[in-house]
1. Using a 1.4 Å probe and ignoring any ligands, DNA or RNA, find the accessible area of Thr709 and quote it in Å² to the nearest 10.
2. Quick one: angle between helix 148-161 and the longest Cα principal axis of the chain, in degrees between 0 and 90, rounded to 10, please.
3. Tell me, what is the per residue accessible area of segment 229-268 in Å², probe radius 1.4 Å?
4. Could you pull out every residue, at least 5 positions away or on a different chain, whose amide H is within less than 5 Å of the one on Val675? Hs are placed 1.01 Å off N in the peptide plane, and Pro or chain starts have none.
5. Segment 221-253 to segment 75-146: how many Å between their Cα centroids?
6. When 1/r is averaged over all different Cα pairs and the result inverted, which Kirkwood radius in Å belongs to segment 625-777?
7. With a 1.4 Å probe and all protein chains kept in place, how much accessible area does Ile336 have, in Å² rounded to the nearest 10?
8. Find the relative contact order for segment 301-559 and round it to a whole percent, using C-alpha pairs within less than 8 Å whose residues are 6+ positions apart.
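The values are calculated or read from the model by the stated rules, or taken from the named source; none is laboratory data. Given the structure is predicted, the values throughout are model-derived calculations rather than measurements. Here Cβ is always computed from backbone atoms with ideal geometry, including for glycine, and neighbour counts include all displayed protein chains. To get the accessible areas, we keep the full protein, side chains included, count just its heavy atoms, and leave off ligands, DNA and RNA. Shrake-Rupley method; radii C 1.70, N 1.55, O 1.52, S 1.80 Å.
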Amino acid sequence: MNDFLSRLGKELLFFDGAMGTILQEKGLKAGELPELWNITHSEDIFDVHKSYVDAGADVLTTNTFGANPIKLNGDIKLLEDIITNAVSIAKRASPNGFVALDIGPLGKLLAPYGDLPFDDAYNAFAEVVKIGKDAGADLIVIETMSDVYEAKAAVLAAKENSELPIVLTFAFNESGRLLTGADIETVAHMFNGLGIDALGFNCGLGPREILPFVNELTSLTGLPVAVNPNAGLPVSVNGKTLFNVDADEFAKLQEKVYESGAAILGGCCGTTPKHIAKTAALLKDRKPVLHTPEKVTAVTSSSRTVKLGNKPVIIGERINPTGKKLLKEALRNNDIDYLLREAVSQTEKGADILDVNVGLPEINEPEMMKSAIIAIQGISNLPLQIDTSDTNAMEKALRYYNGKALVNSVNGKEESMNTVLPLVKKYGAAVVCLTLDENGIPDTAEGRIEIAKKIVRRAEEYSISRENLVIDALAMTISTGADNAKITLDTIDYVRNKMGLNTVLGVSNISFGLPARENINSIFFANALERGLSAGIINPLSDSMMTAYKVFCALHGYDKDCADYIAAFSDITSVPASTNTTLTLREAVVKGLLEDSYNAAKALLTENAPLDIINNELIPALDTVGSGFEQNKIFLPQLLISADAAKRGFDAIKEYMIETNTASESRGDIVLATVKGDIHDIGKNIVKVLLENYGYNVIDLGKDVPPETIVDTVVKNNIKLVGLSALMTTTVCNMEETIKLLREKADCKVMVGGAVLTEDYAKSIGADYYAKDALGAVRTANKLFGYEN
């Protein structure tokens, strides 16, 4: 066993603290890549590492946070030199300690919300891992992650290209959310089963702010918890970025973090050897506090967790070509938009999980499954059930799925268990277990129960926990067997109440071959819920099925104050439902449907002026989405997809303007730039997308932009508003320098944003506005240019 793993969770381990903070004191220039110092200033790097060893650090993280092929423009030789030297220096500084290969974010947002494909992210991380492993790293630390999809790419790269232990830490905001919307619960469930060795927090916040997050995480994971916070929050003092928690206070706060269950303690931005020394001296003889998380069956999307076992769950069945002529045609024509509309309609009708089955013999199912999974996740935050018997399609879907998926399915056949269960284990999924085997479907409840037990035993051999198994008792039509319903119900009852496992059922199979099937389906569904059904695979657009569900929830106390029941039935009228499936432009934008937005805009242009469409349809739609974002009802991925849908609407309008020689109007010109020395432009790019959708002309100067270039552009174009971004603590001084130069030579307002900034810090460096997020930037622009509602 790796020696680190033999100590992890049994001893309290201390990581080192910040690197950049100390390198700045040693002469690192603002914007200079710290990783290059592994080559040019190796003794300075050694001195920093040695100071942390002397302070009591058990683990040194290599000076490689930003070392990856993307940030180094594909220069693999330089990457090899940086990482190899980094590991060598750290090992020389700590011959008896552990050296962790430090891997940070790539600096780009992954598709479908950004422009970096998942495979490219994986390949970049894999290159770093292979070099670090060959250089002799003892473990891998993947840190400061703000996107679970990027974190998944990094974890898979680490697991598939090395056998080194993995510590994974995320940078949450003060509300306990990541940039792309995941909360702590979603992160825990997604990564609990993905093969990492420790999970936790770093950066963004100080120990005081992170403390309640530690309490939550220890209730959700059995993994050792790592906590490497900043030394409080940043403040600007005489042009220098400092942090407001000193070493003594930091150690006392870290003691509380330890008492909440952390097994790894270290530091991030602003922490020094003194912070680590004080913490280690205070806690060096302590043992990790044991924490036992609640065992729960859960699946997730990138931002939402759905748990089975309490209130029954609805799995929407409509994305399945069986018996659906139009869906079959859509799959043959690669019409992904049809699938997206089905996903939206089921979500609106109350589905909790969406089943995705694209199996047709005449199409490439693995590629279609990949496309469908990525596209549906782009417009829906519901977890997905990957429904396929093709193991190639199953693995492809699991690999590109953003979250913890539900696999449908494994069964009691040896071939099925031998092929499906390894995939479930590798990707940390939950799985539907069909109670059939080589002899078919037993005609007794006892026979099906025995198959369920067999699958449970085999899953245990793969170290798949019981809570990740969901048993399908299989509904057989009552038209061919009078006892079929009873057998299924008895199996559900035993599995749920005797075996303690959750259950799932494709309900409508019970009525196959009979007329007026919904009459049977709805009553059988209610019976199954009474006997312990955890999740029903049904059509959420069926009034009778959803009525049975809502009545059951109201009767069994799952519907507080009968609120859902009242909302569903208090306004029933005799007016028949509309059969018009054409979406308005506003609806299409809110739902993130790109081609529907384009088509709706074109239709409106036959009778409406372009500016009227923008002001009366597109802008109100974006306001609706923005309001949901600000209220934490939707998150960044959905915000960006809606922005893309609005852009498609604008595309139709621009085409019309070109055809008719109509002049376009802009709300105003805005300059955006990531400041000199900083190559992280995700936030700036998101702001650009939203500002353009609100009708502003954005002059994007890119990243690593000198102050003089920004000033010259502002003066030349008579700009009223400049937006500056910075992610790194080592580059915010360039933001302050840029603002000072703008004050001297231009007449404009300045808004700033970035992960290391606060409103107080923004004021201290002379900014006019602080934009907490992209919507904040839009609100600022609207106020300044006179478009505030």
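1. 60 Å²
2. 90 degrees
3. Working: 1510 Å² over 40 residues.
Each residue of segment 229-268 exposes 38 Å² on average to a 1.4 Å probe.
4. Hits under the 5 Å cutoff: Asp704, Val705, Ser725.
5. The distance from the Cα centre of segment 221-253 to that of segment 75-146 comes to 24 Å.
6. Details: mean 1/r = 0.0618 Å⁻¹.
That comes to 16.2 Å for segment 625-777.
7. Number for this one is 30 Å².
8. Working: 481 pairs, mean separation 46.9, N = 259.
Over segment 301-559, the number comes to 18 percent.
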